[in-house]
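The values are calculated or read from the model by the stated rules, or taken from the named source; none is laboratory data. Computed from a predicted model, the values in this text were never measured in an experiment. Reconstructed Cβ throughout: ideal geometry from the backbone, glycine too, with neighbour counts over all protein chains shown.
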4 protein chains.
Amino acid sequence: MSRKAGRHFLQIPGPSAVPDRVLRAISTQTMDHRGPDFAEVGLRALEGMKSIFRTEQQIFIYPSSGTGAWEAALVNTMSEGDRILMYETGHFATLWMKMAKRLGLAPEFIEGDWRGGADPDRIEARLRADTGHEIRAVCVVHNETSTGSVSPVADVRRAIDAAGHPALLMVDTISGLASIDFRFDEWGVDVAVSGSQKGLMLPPGLSFNAVSEKAFEHGKAGGMRRSYWDWTDMAGPNATGYFPYTPGTNLLYGLNEAIAMLHEEGLDNVFARHARHGAAARAAVRAWGLEVLCRQQGQESGVLTAVLMPEGHSADAFRATTLRHYDISLGNGLSKVADRVFRVGHLGDFNDLMLIATLSGVELGLRRAGVPHRDGGVAAAMDLLGAAAPEELETA
Amino acid sequence: MSRKAGRHFLQIPGPSAVPDRVLRAISTQTMDHRGPDFAEVGLRALEGMKSIFRTEQQIFIYPSSGTGAWEAALVNTMSEGDRILMYETGHFATLWMKMAKRLGLAPEFIEGDWRGGADPDRIEARLRADTGHEIRAVCVVHNETSTGSVSPVADVRRAIDAAGHPALLMVDTISGLASIDFRFDEWGVDVAVSGSQKGLMLPPGLSFNAVSEKAFEHGKAGGMRRSYWDWTDMAGPNATGYFPYTPGTNLLYGLNEAIAMLHEEGLDNVFARHARHGAAARAAVRAWGLEVLCRQQGQESGVLTAVLMPEGHSADAFRATTLRHYDISLGNGLSKVADRVFRVGHLGDFNDLMLIATLSGVELGLRRAGVPHRDGGVAAAMDLLGAAAPEELETA
Amino acid sequence: MSRKAGRHFLQIPGPSAVPDRVLRAISTQTMDHRGPDFAEVGLRALEGMKSIFRTEQQIFIYPSSGTGAWEAALVNTMSEGDRILMYETGHFATLWMKMAKRLGLAPEFIEGDWRGGADPDRIEARLRADTGHEIRAVCVVHNETSTGSVSPVADVRRAIDAAGHPALLMVDTISGLASIDFRFDEWGVDVAVSGSQKGLMLPPGLSFNAVSEKAFEHGKAGGMRRSYWDWTDMAGPNATGYFPYTPGTNLLYGLNEAIAMLHEEGLDNVFARHARHGAAARAAVRAWGLEVLCRQQGQESGVLTAVLMPEGHSADAFRATTLRHYDISLGNGLSKVADRVFRVGHLGDFNDLMLIATLSGVELGLRRAGVPHRDGGVAAAMDLLGAAAPEELETA
Amino acid sequence: MSRKAGRHFLQIPGPSAVPDRVLRAISTQTMDHRGPDFAEVGLRALEGMKSIFRTEQQIFIYPSSGTGAWEAALVNTMSEGDRILMYETGHFATLWMKMAKRLGLAPEFIEGDWRGGADPDRIEARLRADTGHEIRAVCVVHNETSTGSVSPVADVRRAIDAAGHPALLMVDTISGLASIDFRFDEWGVDVAVSGSQKGLMLPPGLSFNAVSEKAFEHGKAGGMRRSYWDWTDMAGPNATGYFPYTPGTNLLYGLNEAIAMLHEEGLDNVFARHARHGAAARAAVRAWGLEVLCRQQGQESGVLTAVLMPEGHSADAFRATTLRHYDISLGNGLSKVADRVFRVGHLGDFNDLMLIATLSGVELGLRRAGVPHRDGGVAAAMDLLGAAAPEELETA
């Protein structure tokens, strides 16, 4: 096989391309996770993640992929047979619901069309009807990675409160955290779930729970049979920077570096950048005459843009063409939208020129694959980026 | 704080120091775990681990620490209330037993004195008494990391067979695999548990199950409520080199490099090297006039040597001295032997001169800490190493 | 200072961005350069560079920047007062000429307008006039990094031969080698000069001479007083893979990796890629209504494109704008064309999407800096790239 | 070939093993050496090297090996035919003398027996005799890498002053700098020569001149024909952190990291560490019943220890044995002492346990190679190290 020259464009909606600084941090020699020097690594990671989740409450870090942190959220707080209200925003919301079922819970799934975020009104209505307060938790996906739609988490909290309902609010922000605004404490989230390989710019392998005092108390009192995922076991050693079992030391090195990088840029700048790139990507899609999957204005994601293929054209064949000819990986459509949608990731350590490269890969791929479209998507994105200029990249 | 010059000696019994080749492999850019190129990475890892476990049966790789693979072994094969026979070889056998309890199983614990491996005769006797075949599994720790004793796994299998008992044989070889001989198929193991940060020379963050057909069938039919650890979910995508959720891509890069390195040295050479270093370490301990914790001849570990402190002397104070003055991390005594024992790791990517450096760190530390001992441990180890020469390091 | 997100675009005409594989190779532990294992490293580098220069004759590798290899070429073959014929293709040809003067040679400089390569006819005419054969060498720059023009080296050799002149042919291919076609033996070059940080995709720090037998004999018999640069000293140890003084070990690791990568892609594919990218870059410049500095058709470089700024506009102010707003480094105009020209590097480890990103950085920069131009350069480049498709990136 | 397990011990007297932090720094992406961000890298390196040479005067950094900086020292200050006084401390002093001859100088070589440093009295006597002040420079090697002897540089300066002689004082401290005390300003050195791959803990590829005002004025006014090595060309761009030609960017990254590490440890601590390790190595040699090459008390090097083999035994055969069986590289004897001497490097990023490992490699090698000796060298070194304890490695 002939070598492909130049840099691969990893434009799936996560894992995002890992910055060199993080890769170098990860390649630091492993240390004694029980020794005195480790405490600094551990505390820095735990404290740092609080700043990312914007919480003063507890953080738990697992050596696992994000899927594991979904499970941790459920098994620490819920008991077999518990009813929970989940919202079908897309494929990942569905997977989390299926996991809940497998774990013996009774999820109730508010159906959605995969083209927008969770609707707080429907949640409120359902909670108001639950006069016996049988529903133990409301679970929503913050940034639905399969569709590129964002749920209004703060509004969901307001809906729960408006209904006067005691359910916990659990939020999957695996692909939202550190790319789009997320405020654990201010929004009143009880359990948040995240992973390392998206906005945190790490390889996969670490997952996170942010946990409110209320949720933690649930965990102490109940939850399901569990061991690996148990919060209480974690909380003790965590207080001094240690873990109850061997942590993912080298990924923690990378995590600390990534957190530092996020703060060097400024979290609000990070969010503004993602929002701007999302807008530019959608401008390109419109110029191509294609349709963005998310059709709820204001809920389009800054993390990724899912694009509907014209009828009769295979999204997967198109993606194979772009990979083969332009060395760019795009995300596939999942389950309900399999082969109907391709997803463009514009998250993580990313900038204007990388976005244009990405969109040009899509545009050249559309041509080469013979997909009906108008040219000019790249030009439209450039117009938007040129007009809504970033603050000077280098600021005082 | 003043910088410590030179290389830290990470001589705990895992994580072992990660070779530069592996660290560089881990620092390779993350790739699309659903893309066509990933299949090669995944298949190489899965096939490679078969060669390390010496099995033709199934391997499962988790993004988790070894503790997770313990849980996976239990939740895939056992059901709530199931009785299992476990053997108290030390701290880790005890932890696994406690985990089983927490998961709702009914472990029966054969008591041990922490100074040797599992005794097959006692296992056989117990199984013979279990005429109703209520015991569903026998669980032993291959290399007990807390004590430096090795259980005779093949003999445990023979004991089970001699008793005509259908129990599964589950083996924790977290710290044994790839350092001392382990033969999954030949020894008739049903589930083996391992982790990345010991003989596999990786950072922590990957764990493994090797699974016999019999155990896999148990998993398909039953087991506990589970999601993250489910074998059946894994088996499908694994067949083509993929995983049901995001795998630990960068650690998999490192795993493939580490497996290649093990085969470049030759697994049998790797085992011989560890055995030789174990013998040299014990020669040093005897010369110091100290006592090796393991007192079962033939069951002393090549992975680590646990040393009893003279009465009235704190092992932890001694370890703090060696760390502070000689920049070497030794393992601590755990639970029953806390502060009574220190553990010298001599596993992973290691050689004669590194062992002598390690033992000299202990000897100099004993002097500095004022621990009663005779000098000459290093000299004794050198005598053994000089006499029982390694085959030339560089061979055709 | 706020962190700039994403990858910096290093689009100067060298150093080119170093591929991760090469960076990892360079970070391998330094070895004993007199030990038995080093021979393989040294021989691989020396043999590998023959394949890159396309020669069966001798290669010398210096720990130095390319400037050093210029000096080596002159001091090994020429004596004080020797007359040499040099050709003013641009800034670097001028610097080489000045170096020759400082070293005591008598360079004769054929004036050029910096807008094309060397003209073989003028060289031939001058050599025919040199009936006494006082000119000892003809020196041309293959790819003039300051202008983006390529000299027809094979035609220069033909001109020398047509004139029946015995002068040596010396060629600076610092920025041409491994990006555009170069054939040391076939073209009858006597001394070629190159460096590591351009098409070879390494950091700066290694330089090269390829040397014909005829030139090497010159060196044995004469040349100037010298020590570091002496070929004869090198030739002996080189025969077995060693060097007379400590070589640049870690850059040699990287060199061997880079040579492997070039051959994995195929040198002819590498050349075709650069040519294609040069054509696309020029299409963009034309679409912007700007002027390419090189105006000799067929001599435009595939390595870089130098662009004339509209009158009254500062190229350096424009470059500062692109760097500040779009995190892309462009090359500056040098001496005669200082502040009049900016240079776009498209060499080394580079691909279509990176080129589009680069050109979009220029186009957005032109807008932001208020430089008069037409939009559409990126679109024009995409048209060319989309039409003249690369062979599938992944071929059998 | 079977893989050698564990870490290779690179115990030649340079290159020394490069610390991981430095290797990671070197693997940082190359940057635009003309761009605004480079200035910080360049200035940090130039200023940092002043702190290492302990000078307020000028530093020049070359992309070259140390041999190049020898040449730079001579060609910038001396003119053809100039008489210089050099001192035969060993192989490298001899090589420098030969280089001076080749460059057209007239070196006068004070003969030495290779078993000590330069004798200031002999230098003073010779200078007093030079009543016409024809001698333009006195050149000594600070730490003679071929013998392990240190010349008393401050005393050489005093000798020159006592003789009232205007000659420049030039010092090769290639292997001394950053390992043993060197004070450019205080000792009145005019030109110092150094390289990256010894006490500076870098790979080879950078070399250094520290230059007094007096020497720099020599350079401006005279010196030989030169280009690459010219100080004046360097001085201008250096003032703002830049270089006249492409610098060795990635090694400069490493240099800045290494300088930081040296200051984190404290230069005086670095020197004390090397002195202590030299003493321990000599204790081992004496215990073996072998002879240290340097027999001038107080001039033994902390960088390396050269050891005389017993008559009739080949040092090179012994070194081949240690490499093959114990994976340790020792330095060979050079020219006059070829095959009579082996050299043990104990410089750079090194600590007590690494020294013991090194000495154990020698002792085990002596046994295996059948070299007559007494055992107990390692034990003797341990006694010394244990008694003369390092300050606690970790200090406030």
Exercise. Across region A:1-36, what is the number of residues that are on the phi > 0 side of the Ramachandran plot and crowded, with 22+ Cβ neighbours inside 10 Å?
Worked result: 1
Seminar exercise, completed: B:G377: passes all of (1) under 30 Å from B:A118 (Cβ atoms); (2) within 12 Å of chain D (Cβ to nearest Cβ); (3) under 25 Å from the mean Cα position of the chain (by Cα) but (3)
Exercise. Restricting attention to region A:69-79, does a residue exist that is among the polar types (S, T, N, Q) and closer than 23 Å to A:A178 by Cα?
Worked result: no
Exercise. If only one of C:T305, C:T321 is in contact (Cβ under 8 Å) with a residue 60 or more places away in the chain, out of contact with any Leu (no Cβ under 6 Å at 6 or more places or on another chain) and of a type in the set (S, T, Y), which one is it?
Worked result: C:T305
Problem set entry | Pair list, Cβ under 9 Å, 6 or more apart: region C:253-272 residue acidic (D, E), other residue part of a helix (DSSP H, G or I) | C:E257/C:R21; C:E257/C:V22; C:E257/C:R24; C:E257/C:A25; C:E257/C:I26; C:E265/C:R273
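Let's see how each residue does on (1) polar (S, T, N, Q); (2) away from chain B (no Cβ under 14 Å); (3) under 25 Å from the mean Cα position of the chain (by Cα):
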position	(1), (2), (3)
D:K4	no, no, no
D:F9	no, no, yes
D:P15	no, yes, yes
D:D20	no, no, yes
D:D37	no, yes, no
D:L46	no, yes, yes
D:M49	no, yes, yes
D:Q57	yes, yes, yes
Exercise. Which one of the conditions (1) farther than 22 Å from D:L177 by Cβ; (2) surrounded by fewer than 21 Cβ atoms within 10 Å (Cβ to Cβ); (3) out of contact with any strand residue (DSSP E or B) (no Cβ under 7 Å at 6 or more places or on another chain) does D:G298 fail to meet, given that it meets all the rest?
Worked result: (1)
Exercise. In region B:312-339, which residues are away from chain A (no Cβ under 12 Å) and touching a Ser or Thr at 6+ places or on another chain (Cβ under 9 Å)?
Worked result: B:Y326, B:S335, B:K336, B:V337, B:D339
Exercise. Among the residues of region B:69-82, is any surrounded by 23 or more Cβ atoms within 10 Å (Cβ to Cβ), among the small types (G, A, S), more than 10 Å from chain A (Cβ to nearest Cβ) and out of contact with any helix residue (DSSP H, G or I) (no Cβ under 6 Å at 6 or more places or on another chain)?
Worked result: yes
Seminar exercise, completed: Across region D:94-120, the tally of residues that are touching a strand residue (DSSP E or B) at 6+ places or on another chain (Cβ under 7 Å) and either surrounded by 22 or more Cβ atoms within 10 Å (Cβ to Cβ) or within 14 Å of chain C (Cβ to nearest Cβ) (or both) stands at 10
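From the list B:I61, B:I26, which one is touching a residue at least 12 places away in the same chain (Cβ under 8 Å) and more than 7 Å from chain A (Cβ to nearest Cβ)? Please lay out each step first, then the result.
Working: B:I26 fails: more than 7 Å from chain A (Cβ to nearest Cβ).
Being touching a residue at least 12 places away in the same chain (Cβ under 8 Å) and more than 7 Å from chain A (Cβ to nearest Cβ) holds for just one of B:I61, B:I26, which is B:I61.
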Exercise. If A:S212 passes every condition in (1) touching a helix residue (DSSP H, G or I) at 6+ places or on another chain (Cβ under 6 Å); (2) of a type outside the set (A, V, I, L, M); (3) more than 27 Å from B:K101 (Cα to Cα) but one, which one does it miss?
Worked result: (1)
Exercise. Out of curiosity, is A:T240 within 7 Å of another protein chain (Cβ to nearest Cβ), assigned to a loop (DSSP other than H, G, I, E, B), at negative phi and in contact (Cβ under 8 Å) with a residue 40 or more places away in the chain?
Worked result: no
Seminar exercise, completed: Per the filter on region C:173-230, residues in contact with a Pro (Cβ under 9 Å, 6 or more places away or on another chain) and assigned to a loop (DSSP other than H, G, I, E, B) are C:S175, C:S196, C:Q197, C:K198, C:M201, C:L202, C:P203, C:P204, C:G205, C:D230
For this session: Within region A:341-369, count every residue that is over 22 Å from the mean Cα position of the chain (by Cα) and more than 9 Å from chain C (Cβ to nearest Cβ).
Result: 4
Exercise. In the list C:A284, C:A258, which residue meets the criterion of being of a type in the set (A, V, I, L, M, F, W, C) and over 30 Å from C:D32 (Cα atoms)?
Worked result: C:A284
Exercise. Which of (1) within 14 Å of chain D (Cβ to nearest Cβ); (2) more than 26 Å from D:G6 (Cα to Cα) does B:Q296 not meet, given it meets every other one?
Worked result: (1)
Problem set entry | Residues being under 21 Å from A:A287 (Cα atoms) and aromatic (F, W, Y) - total across region A:333-371 | 1
Seminar exercise, completed: Pairs returned, first residue in region D:72-85 that is charged (D, E, K, R), second residue that is not in a loop (DSSP other than H, G, I, E, B), beta-carbon separation under 7 angstrom, 6 or more apart or interchain, are D:D82/D:A106; D:D82/D:R136; D:R83/D:A106; D:R83/D:E108; D:R83/D:I135; D:R83/D:R136
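Would it be correct to say that A:E264 is within 14 Å of chain C (Cβ to nearest Cβ), at pLDDT 95 or above, surrounded by fewer than 19 Cβ atoms within 10 Å (Cβ to Cβ) and touching a Lys or Arg at 6+ places or on another chain (Cβ under 6 Å)? Give the steps one after another, and end with the answer.
Values: within 14 Å of chain C (Cβ to nearest Cβ): yes; at pLDDT 95 or above: yes; surrounded by fewer than 19 Cβ atoms within 10 Å (Cβ to Cβ): yes; touching a Lys or Arg at 6+ places or on another chain (Cβ under 6 Å): yes.
Yes; evaluated as a whole, the condition is true for this residue.
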For this session: Have a look at C:N209, C:N256 and point out the one that is closer than 13 Å to C:M49 by Cβ, touching a Phe, Trp or Tyr at 6+ places or on another chain (Cβ under 7 Å) and more than 14 Å from chain A (Cβ to nearest Cβ).
Result: C:N209
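Based on this model, can you work out whether B:A284 counts as buried (at least 24 other Cβ atoms within 10 Å of the Cβ) and touching a residue at least 60 places away in the same chain (Cβ under 8 Å)? Please lay out each step first, then the result.
Values: buried (at least 24 other Cβ atoms within 10 Å of the Cβ): yes; touching a residue at least 60 places away in the same chain (Cβ under 8 Å): yes.
Yes.
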Exercise. In region A:239-255, which residues are under 25 Å from the mean Cα position of the chain (by Cα) and surrounded by fewer than 21 Cβ atoms within 10 Å (Cβ to Cβ)?
Worked result: none
